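Notes follow once the structure below has been shown.
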Amino acid sequence: MSNFEQFHSDFYQSSYTIDNQEGYNSYGCNENLCGSRKNPTGERPRAGAFVTSEILLSSQSYTGQILQPTYSPDTLSHLSYTNGFDEEPPLLEELGINFDHIWQKTLTVLNPMKPADGSIMNETDLTGPMVFCLALGATLLLAGKVHFGYVYGMSAIGCLAMHALLNLMSVTGVSHGCVASVLGYCLLPMVILSGSAVVISLQGILGTLLALFVVGWCSLSASKIFTSALAMEGQQLLIAYPCALLYGLFALLTVF
Amino acid sequence: MASQGRDIVDRNIDRLVPVGRLKYYFAVDTVYVGRKLGLLVFPFMHQDWQVRYQQDAPVAPRFDVNAPDLYIPVMAFITYVLVAGLALGTQNRFSPDSLGLQASSALAWLIVEVLAILLSLYLVTVNTDLTTIDLIAFSGYKYVGMIVGLVSGLLFGKTGYYVVLGWCCISIFVFMVRDRQTLRLKILSEAAAEGVLVRGAKNQLRMYLTMAIAAVQPLFMYWLTYHLIR
């Protein structure tokens, strides 16, 4: 408000520069605020942020729990005189992307009959889910439906709802990241369904049966992982049903 | 800083939504859900409608099939939205927006119904231990009948829809009348020790209210599903 009076009293050029400087200052402040907030929120697992860019992931601090360190202290001392670039861990390790674990989790999803190891899901890894969501959007695009926004919205709401339900139903709680990770991995059969929708039309009896089968497959693997991770006995069907509802929504999007 | 934010969110959530009480309504297991669903579709053979209590607090739904829960109503609501989407899809009227439309309109009707029941309970000045969450649970049970009706309508056409919906309307009516009564009359039985004649008129009013609420359920069931079956 004060610079408005200045505008009247000063020449046009000087008030213009003052406004400009203040504008730059406020922009700089916003940058700092955003920057200081970005790091902690980058560490905290996000609910269903399937389509956020990997740049945010890279700003996470390196936790070092994914892989064994690929460099031993010997090489470190050997390289200590060239500090900085050579001492940094490899890019994938720093990003937290571990292809071996991703492949293992994918295999767990693809074979719901095999009993799951509950400890795999301890790391909240959102890379695989993001790839699967983008693949789902891409295959839907191939079928002529631009539904990226719907996929994103439904997965976000589904993650929030699933997180709330699991926290209400189980004794131990879960975090958003774990729920998002599990639900995202179990989306893989849905990608297969929408891929087949490109080739054949899913609106007949065969399509309905295929969609039901895929929904059952997705929810069975998701509930298997959830029950083994949360130790909820006698409730697997109860967990499978909400998962089936969520994947049924995706199937509706794919079929119709 | 993120953990501070999360603490603030948790504290405020606890103030708005009683998480501990909600956990009671979700303490279910598969056997309970199966029995309750059977009860909702066929309540005629069930004899004992009393809710079991344990030191003045109702027993968790896991152990007593008469206790209300929130798992079935919530799941039934979402299933209803899904089946509505399926029905629209088979008639080529589907778009992802219509799913949101169905969901919001059904939610709006649910809120209207719960508010109407709360208002009528307030006007009749009846003291019950029916909480709002109980009312939401009871209003949500009719979605099970709606889903069964819709599915049979999709499979067997209009006649199937009407037959099954009629059956579900009758069962939900019977279920409401008998289950609601046990909760309501709990208060009444304590007061009955002091004097039954004084409470006679109020008792009748309560019966009428229960009947009215139970009769409104089939109306809602028909209203929310008929436009999906063409």
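The values are calculated or read from the model by the stated rules, or taken from the named source; none is laboratory data. Bear in mind the structure is a predicted one, so any value in this text is a computation, not a measurement. Don't worry about glycine lacking a Cβ; one is built from the backbone with ideal geometry, like all the others, and counts go over all protein chains shown. Side chains are part of the model used for accessible areas, which takes the heavy atoms of the whole protein and leaves out ligands, DNA and RNA. Shrake-Rupley method; radii C 1.70, N 1.55, O 1.52, S 1.80 Å.
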Margin query: Once R0 is set to 25 Å, what does the formula 1/(1 + (r/R0)^6) return for the Cβ-Cβ distance between residue B:46 and residue A:233, expressed as a FRET efficiency to the nearest 0.05?
Written below: 0.35
Note to self: Please report the net charge: other residues with Cβ closer than 10 Å to the Cβ of residue B:29, K and R +1, D and E -1.
What the structure shows: 0
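Give the accessible surface of the range B:18-122 per residue, rounded to a whole number of Å², with probe radius 1.4 Å and ligands, DNA and RNA excluded.
Numbers: 5110 Å² over 105 residues.
That works out to 49 Å² for each residue.
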Check: For the pairing of chain B with chain A, what total accessible surface becomes buried, with a 1.4 angstrom probe, in square angstrom to the nearest 100?
Finding: 2200
Notebook entry, point to check: When N is the residue count of the range B:97-154, what does its C-alpha Rg come to as a fraction of 2.2 N^0.38 Å?
Noted result: 1.39
Next item on the list: Could you sort out which of A:145/B:142; A:105/A:145; A:145/B:36; A:105/B:142 sit more than 31 Å apart by Cα distance in this structure?
Entry: A:145/B:142; A:145/B:36; A:105/B:142
Notebook entry, point to check: For the range A:122-255, what's the radius of gyration and Dmax over Cα atoms, in angstrom?
Noted result: 14.6, 45
Margin query: Need the per-residue list for the range B:69-83: every residue with at least 50 Å² less accessible surface in the complex of protein chains than in the chain by itself, probe 1.4 Å, sorted by number.
Written below: B:71, B:75, B:82
Check: Once phi is turned into ³J(HN,Hα) by the Karplus curve 6.51 cos²θ - 1.76 cosθ + 1.60 with θ = phi - 60°, what whole-Hz value does each residue of the range B:216-222 show in order, with x for glycine and proline?
Finding: 6, 4, x, 4, 4, 4, 5
Check: How much accessible area does residue A:150 have with a 1.4 Å probe, in Å² rounded to the nearest 10?
Finding: 80
Check: Mind listing the phi-derived Karplus ³J(HN,Hα) values for the range B:146-151, rounded to whole Hz, using 6.51, -1.76 and 1.60 with θ = phi - 60°, and x for any glycine or proline?
Finding: 5, 5, 4, x, 5, 5
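May I ask you to give the percent of accessible area on the range A:122-255 that is carbon plus sulfur, with a probe radius of 1.4 Å?
Values: 3790 of 5040 Å².
Taking all protein chains in place, the range A:122-255 shows 75 percent carbon and sulfur surface.
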Notebook entry, point to check: Using alpha-carbon positions, what is the distance between the centroids of the range A:155-203 and the range B:140-166, in Å?
Noted result: 28
